[in-house]
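Working notes for the structure below.
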Amino acid sequence: INNENSNAVTMEDYIETIKLKTSVLFAAGAAGGALIGGADDAVADKIHEYAMNLGIAFQMFDDILGIYGDPSVTGKSAGNDIRKGKSTVMVCHARENIKDAEKLDRFMSVFGKIDATDEEIEIARNILKESGSYDYAIEMAEKYTKDSIACLDCLEDSEDKEFMRALAEYSMSRDV
């Protein structure tokens, strides 16, 4: 499952990839833990849903950080996802929604260009912001986080529930 160097990845493909690469790992551990802890199937299913949504939100924020994060904090060079041609929520949104052909061509000329200069990366980053793709990515990650937290409504108030809520909120609070 690889979303690098492909201009054909749709938003649907992107979400499905996250589910198969990230979310399923979160969900298996969370639902398994719930069952081992004595939860019934209905609660374990909600915990599974919680973790699937959390995995999607977490990966979206990670992708945002991969383009806009401070390298001294993230440990990743900002812009390398663009150089590698990694289709993220922002890239999929941009490809599907930028109507100005010249602007889209300018972005795509940098996307997947392994030797793109820092100046070219900055232009691509600006195009993602100007096109609304950055804001869209933040909104989608926040939506999945809220959906995740809503799944916890089936649980009685407890330290475990509070921890899971705090974990989901933390995924939204990482510095961009």
Item to check | Spherically averaged projected area in nm², based on the convex hull that wraps the Cα atoms of the chain | outcome: 10.5
Checklist outcome for this item: Per the helix-only model, the chain has a calculated mean residue ellipticity at 222 nm (DSSP H runs of ≥4, -39500 (n - 2.57) each, divided over all residues, rounded to the nearest 500) of -21500 deg cm²/dmol
Checklist outcome for this item: Note: LYS143 to ALA28 extended length (0.36 nm per residue) minus current alpha-carbon separation gives 39.3 nm
Checklist entry - Counting only residues 5 or more places away or on other chains, whose amide H sits under 5 Å from the amide H of LYS84 once H atoms are built in the peptide plane? => result GLY112
Checklist outcome for this item: Residues other than ALA34 with Cβ under 14 Å of its Cβ, Lys/Arg counted +1 and Asp/Glu -1, net out at -4
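Coordinate-derived values only; no laboratory data. On a predicted model such as this, the values are computed, not experimentally measured, just so you know. A quick note on method: Cβ atoms are made from the backbone with ideal geometry, for glycine too, and the neighbour counts reach across all protein chains shown.
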